[in-house]
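Below: the structure, in structure tokens.
The values are calculated or read from the model by the stated rules, or taken from the named source; none is laboratory data. Quick caveat, the model's predicted, so the values are computed rather than measured. Here Cβ is always computed from backbone atoms with ideal geometry, including for glycine, and neighbour counts include all displayed protein chains. All accessible areas refer to the heavy atoms of the entire protein, side chains included, with ligands and DNA or RNA removed. Shrake-Rupley method; radii C 1.70, N 1.55, O 1.52, S 1.80 Å.
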Amino acid sequence: MSTLKEADQQLIRLLADGQFRSGSELGEALGISRAAIWKRVQRLEEFGLALESVKGKGYRLAQPVDLIDSQSLQAILGDRAQLHYQWVTESTNADALAIKGPVRRPQVFVTECQTAGRGRRGRQWQSPFAANLYFSIRFPVSGGFAALGGLSLAVGVAVAQALQELDPPLPVALKWPNDLQINGAKVGGVLIELAGEMDGQVDVVIGVGVNGRMTGHQARDIDQAWTDLASELAEMPLRTKLAGCVLSHLLEMLPHFSQHGFAAFQNDFDRYDAVKGKLVQVQSAEQVLQGRAAGVLVDGALCVETPDGVREVYGGEVSLRVR
């Protein structure tokens, strides 16, 4: 997929309010012909932006676009983190992994659109332009790889608490090991990757995707029940406020995790646990395990009660289904 050129960005800004603009008006603003406008409009559809064309009225986006204000977001983050913002990138996790480390303070990578967004187990994360929230945090954790057990669960807790700050009654839940759900439908996910270990410190990259306002057309390749915040929240906030709220909760959580590990978040996770007490099937490359989910341990392992006793399952290349 190609990148968004300056003229494309200008075109999106002109159409962001969802109102019709004539081809001649757009051409004059961009200094190009009406025919060239048509080609640029077609290009925007590559990025998941649905456009409408009506003779005599011109062009408009099928729904208004709410762009993240990077200056306002950096002001929200303050000295806690350094923000790296792009309109389009292949993957914010890949960007975070690519910078030279170890890092001294959290580095936050935010984008409007990912062309190669990654989910767990090699899946693609659907990332249409300005529809959702896509970001990664590169953060130093002391104690090496061994100190990272349960990190994805603690991240889930922080994101869930942020969403409930925006809407306290929101019935958000966490499906071990990486999914955020509302009423059983996926609203977000977490992807943890390791950037390397030096002198007892490991740089961790935490990728988070949260569905904000997504059309069925944009979500056509999602192969499971899904929802978005616009459908669930009492009032959908601007994406800058949403990003600031979620990132603030994460930046508050990470130092506590680095110091105390998942033990500091185990009780909170228990309150959000979507599978505890339910019959589950856990599948890995080696085995398929069936039983009743019985909560998580201090190292983030899932306990499954089976006829052969309680088994402990660790995250990674596993999938969990509620039976």
Toward the positive end of the charge dipole of the range 1-86, about the Cα centre and with charges on Cβ (Lys, Arg +1; Asp, Glu -1), which of F20, S53, A81 goes farthest? S53
Label model pair S22, V288: point-to-point distance (7 angstrom along the Cα→beta-carbon line) in nm is 6.4
What accessible area per residue, rounded to a whole number of Å², is obtained for the chain using a probe radius of 1.4 Å? 47
Expected output is a single nm value to one decimal: the length gained when fully extending between Q86 and S70, i.e. 0.36 nm times separation in residues minus the C-alpha distance. What is it? 4.9 nm
Run the accessible area of the chain with a 1.4 Å probe and give the carbon-and-sulfur part as a rounded percent. 46
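Between their Cα atoms, which of K186/K276; K57/K241; K175/K241; K5/K241 are more than 22 Å away from each other? Before the final figure, lay out each step's value.
Numbers: K186/K276 17 Å; K57/K241 33 Å; K175/K241 25 Å; K5/K241 26 Å.
K57/K241; K175/K241; K5/K241, as the Cα separations exceed 22 Å there.
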What's the angle, to the nearest 10 degrees (0 to 90), between helix 34-44's Cα axis and the longest principal axis of the chain? 10
Under 19 Å by backbone N from the virtual spin label 7 Å along Cα-to-Cβ at L194, the residues of the range 125-161 are 137-155
So if I place +1 on the C-beta of Lys and Arg and -1 on the C-beta of Asp and Glu, and nothing else carries charge, what would the dipole magnitude of the range 1-140 be about its Cα centre? I want it in debye, nearest 20. 460
Please give the helix 239-260 orientation as an angle from the longest Cα principal axis of the chain, in degrees from 0 to 90, rounded to the nearest 10. 20
Residue-wise HN-Hα coupling along the range 293-304, computed from phi with Karplus coefficients 6.51, -1.76, 1.60 (Hz; x: Gly, Pro): 5, 10, x, 10, 8, 5, 9, x, 5, 8, 8, 10
Helical mean residue ellipticity (222 nm; -39500 (n - 2.57) per DSSP H run of 4+; nearest 500) of the chain: -8500 deg cm²/dmol
For the range 138-158 and the range 296-312, what is the centre-to-centre distance using only Cα atoms, to the nearest Å? 20
Could you tell me how far the Cα centroid of the range 1-56 sits from the Cα centroid of the range 244-266, in Å? 41
For the range 1-102, what is the Kirkwood estimate of the hydrodynamic radius, computed as the reciprocal of the mean inverse distance between distinct Cα atoms, to one decimal in Å? 15.6
Taking 0.36 nm per residue of separation between I99 and R34 and subtracting their Cα-Cα distance, the length gained on full extension comes to 19.3 nm
Residues with amide H under 5 Å of W226's amide H, sequence separation 5 or more or different chain, H placed in the peptide plane at 1.01 Å from N; which? K186
Protection proxy ranking, peptides 267-276, 303-312, average beta carbon neighbours within 10 Å, highest first: 267-276, 303-312
